[in-house]
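Peer 1: Below is the structure I would like to discuss, written out as structure tokens.
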């Protein structure tokens, strides 16, 4: 190695450029890891048992006994795969004010790809027009709304596409205000 080439390698400009490349590489890696985790959470959800992460709004978990009993009867009769019936029963529970029972049946059907059940869950979590009084969880959850709108969209529910666009507009407006949750969810549209 000549003295000139050694000087070129160790010059401050070259070291600074190498440091910038390394920093840029690390940032890109972190962004890819974050996107991978988000994507994994969305697609792997079908393989993970649901966990209760939020307490229901004004209803005990025992309130879901009617849904569990109904579903057990359907299984015994060999009808648990009829997702339209599950959805119809969920709507009946919903109309009767049995929100926990309705939620459990919507969840059961939505996890199996039923579009209208997924829409019900998405609406329950969507921060756009959210009302804690009409939600089983009592908490807006944009990531949940996104996930269920995507399930509904995949199932052919045309309304889901518009709801996703509305959710994206909400996220952009909230991100500009500094909402970190909105800033994170915007990564799903990039």
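Peer 1: For residue 102, only one of the following conditions fails: (1) buried (at least 20 other Cβ atoms within 10 Å of the Cβ); (2) more than 24 Å from the chain's Cα centre (by Cα). What is its number?
Peer 2: The one condition residue 102 does not meet is (2).
Peer 1: Condition check: surrounded by fewer than 17 Cβ atoms within 10 Å (Cβ to Cβ), assigned by TED's automatic domain parsing to the domain that holds residue 140 and modelled with pLDDT under 90. Does residue 95 satisfy that?
Peer 2: Numbers: surrounded by fewer than 17 Cβ atoms within 10 Å (Cβ to Cβ): yes; assigned by TED's automatic domain parsing to the domain that holds residue 140: yes; modelled with pLDDT under 90: no.
No; evaluated as a whole, the condition is false for this residue.
Peer 1: Continuing with the same structure: Do the conditions hold for residue 67, that is, is it surrounded by 15 or more Cβ atoms within 10 Å (Cβ to Cβ), in contact with a helix residue (DSSP H, G or I) (Cβ under 6 Å, 6 or more places away or on another chain) and either at pLDDT below 90 or under 22 Å from residue 140 (Cβ atoms) (or both)? Lay out the reasoning, then the answer.
Peer 2: Values: surrounded by 15 or more Cβ atoms within 10 Å (Cβ to Cβ): yes; in contact with a helix residue (DSSP H, G or I) (Cβ under 6 Å, 6 or more places away or on another chain): yes; either at pLDDT below 90 or under 22 Å from residue 140 (Cβ atoms) (or both): no.
In short, no.
Peer 1: What pairs can you find where one residue is in the range 56-80 and over 30 Å from residue 131 (Cα atoms), the other is at pLDDT 85 or above and outside any loop (DSSP other than H, G, I, E, B), and their Cβ atoms are less than 8 Å apart, with a gap of 6+ or different chains?
Peer 2: Close Cβ pairs satisfying both conditions: 74/85; 74/86; 79/85; 80/71; 80/74; 80/86.
Peer 1: Let me ask something else about it. When residues of the range 175-190 are filtered for being touching a residue at least 24 places away in the same chain (Cβ under 8 Å) and surrounded by 16 or more Cβ atoms within 10 Å (Cβ to Cβ), how many remain?
Peer 2: 3
Peer 1: Next question, about the same structure. Return the pairs, sorted by first residue and then second, in which the second residue is assigned to a helix (DSSP H, G or I), the first residue lies in the range 101-114 and is touching a residue at least 60 places away in the same chain (Cβ under 8 Å), the beta carbons are less than 9 Å apart, and the residues are 6+ apart or on different chains.
Peer 2: 111/45; 111/46; 111/117; 111/118; 111/151
Peer 1: Residue 80: outside any helix (DSSP H, G or I), surrounded by fewer than 20 Cβ atoms within 10 Å (Cβ to Cβ) and either modelled with pLDDT under 90 or touching a strand residue (DSSP E or B) at 6+ places or on another chain (Cβ under 8 Å) (or both), yes or no?
Peer 2: Details: outside any helix (DSSP H, G or I): yes; surrounded by fewer than 20 Cβ atoms within 10 Å (Cβ to Cβ): yes; either modelled with pLDDT under 90 or touching a strand residue (DSSP E or B) at 6+ places or on another chain (Cβ under 8 Å) (or both): yes.
Yes; evaluated as a whole, the condition is true for this residue.
Peer 1: Then there's this: Report the residue count in the range 128-156 for those that are over 12 Å from the mean Cα position of the chain (by Cα), in a loop (DSSP other than H, G, I, E, B) and touching a residue at least 12 places away in the same chain (Cβ under 8 Å).
Peer 2: Here the count works out to 8.
The values are calculated or read from the model by the stated rules, or taken from the named source; none is laboratory data. None of these values were measured; they are calculated from a predicted model. Glycine also receives a Cβ, built like all others from the backbone with ideal geometry; neighbour counts cover every protein chain displayed.
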